[in-house]
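Derivation of every value follows stated rules applied to the coordinates shown; laboratory data play no part. Please read all numbers here as calculations on a predicted model, not as lab measurements. Note that we place each Cβ from the backbone using ideal geometry, even for glycine, and neighbour counts take in every protein chain shown.
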Amino acid sequence: MGGTDGKNGTGDTGAGTGTGSGGTGADPGPDGTSAPPPALTTPRGRRPVVAALMLGMALAAIDGTIVSTAVPQIVGDLGGFTVFSWLFSGYLLAVTVTLPLYGKLSDTFGRKPVLIAGIILFLIGSVLCAAAWNMAALIAFRIVQGLGGGALQGTVQTIAADLYPLKERPRIQAKLSTVWATSAVAGPVVGGLLAGYADWRWIFLINLPVGAVALWLVVRHLHEPSRPRPAARPRVDWAGALAVFATGTLLLTALVQGGVAWPWLSAPSLGLFSISAVLAALTVVIERRAAEPIIPGWVWRRRTIASVNLALGAMGLLMVAPTVFLPTYAQSVLGLGPIAAGFVLSVMTLSWPVAAAFSDRVYNRIGFRRTAITGMSAALLILLAFPLLPYPGEPWHPALLMLLLGAALGLFQLPLIVGVQSTVGWAERGTTTASVLFCRQVGQSIGAALFGAVANGVLAGRLLDAPVTGLPDGLDAVARALEDPGALSAAATDHLRRAVDAAVDHVYIGAAGAAALALLALIVLAPRRFPVITEAAAPGTAGAADRQGTPS
């Protein structure tokens, strides 16, 4: 578990205590030149850029929650009930598969042009979505939105790390976490109001003023330092980008649609998984031969980055339990309405940014790795406590667990993101950040497929020998039946509620297993000390860089 990640670093730290030699020792870029310092160094200059980042992140964060509340109105207007889930799946696919490409482009050509292109593409997609004439067109335009959303998510996180030295990075990361928390609460409210009192098309048009302000702030206030011209013209690995895009699209399609649109062992599932495996092998071959690969091998050869990728991928896996299955549990088992069920989940988004904001006080003392292990250990215990809740229980029972889970995950995720971003220089930070977010997104997709199969399997078993006949089969059908309990007998209603309770309990046990995998990745693979590059920059100077830290 020891080691220094194959670099010359010696420690894991949370605070940027080192200083350079008069602002001259910048971290070397891939072409042998000095990498640029953080994009801005003065607090006054940072403020409008931070505002732009928060607005850009809000565009991506609020998108899913605001659209979900308007689905009935969209389907009623455009039709296409059988395929409306692709409004979300298509967007998720586009975001996930483009993250590596945008990360590499931001390292090659700079953050600003990639962020500007992402905002513009997202806004174009929003306008097209508002003008959609049928469900197929809306799904296609949602994919266009997702192509812009991939640039927003990865580049915003990268610029946030560029803006601040290591000691101050928790501040901006906590602000971005607050954006996600606020969006989780505000999205359904805004979406419901627009769908109910205006028109569903406004849920896309409302992006335009927000995106326009963000775009103006970025163009006017984000000034990246000039970079030394490389000896050779940068080359984009378009073959690798296409291979990554094709592999990711087919794999995520198989995961998203398997068990929903077709059975897991059917020809479509087996065919998609087989083709994905072939394309993955082809991608590895292409990337090994590429001069500037989209997913460079060092992302997985460096122990720190590889372990964080795996740990956050496992976190994406476990996040499916609260975000996807808890609302169903709250409505079907506890009998809550949609708004109250949403509140049970939203308390997690309240404690998450608070814990993230204070996490630097922990990892400054014990290091990134130990802080993340502490947070995930707490999350593991909380997830295991969920199946012990009484039936049917009180709403405050799961709400309390979600409040604690948010705090535990805030203590886990932010130190890893800040820590891994701090182990690389400017020229590698975009690729590193994108790889972390990519793994987390893939984990969520795998979790949705895996835990969906678990929940439906438990339900099928509980309903097989049910004391009454004519009961629905499958989680969605059961949830819809429980929305109208008057149509069922008291015994049938109770049996369905207990079946849903058992299914969600098994999902949370599976989520606890994912938490254990995250812990295993950190304990076994992560070096005891992160090889941190400590950057110190004075206004108007290039940031110095050295490596030092404290043991974790």
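Quick notes on this one:
- Listed residues 101, 163, 209: farthest to the positive end of the dipole of segment 36-223 (Cβ charges): 163
- Using a simple spin-label model with pseudo-atoms 7 Å out from Cα toward Cβ, residue 281 and residue 134 lie 4.0 nm apart.
- Relative to the Cα centre, the charge distribution of segment 36-223, modelled as +1 at Lys and Arg Cβ and -1 at Asp and Glu Cβ, gives a dipole magnitude of about 740 debye.
- Segment 152-217 versus segment 95-109: alpha-carbon centroid distance in Å: 20
- Fully extending the segment from residue 47 to residue 83 would add 8.7 nm, taking 0.36 nm per residue of separation and subtracting the current Cα-Cα distance.
- Residue order, fewest to most beta carbons within 10 Å, for 363, 197, 102, 391: 197, 391, 363, 102
- Contact order relative to length of segment 36-223, as percent, for alpha carbon pairs under 8 angstrom and 6 or more apart: 42
- Computed from phi, the 3J(HN,Hα) profile of segment 309-315 under the Karplus parametrisation 6.51, -1.76, 1.60 (θ = phi - 60°) reads 4, 5, 5, 6, x, 5, 5 Hz, with x in place of Gly and Pro.
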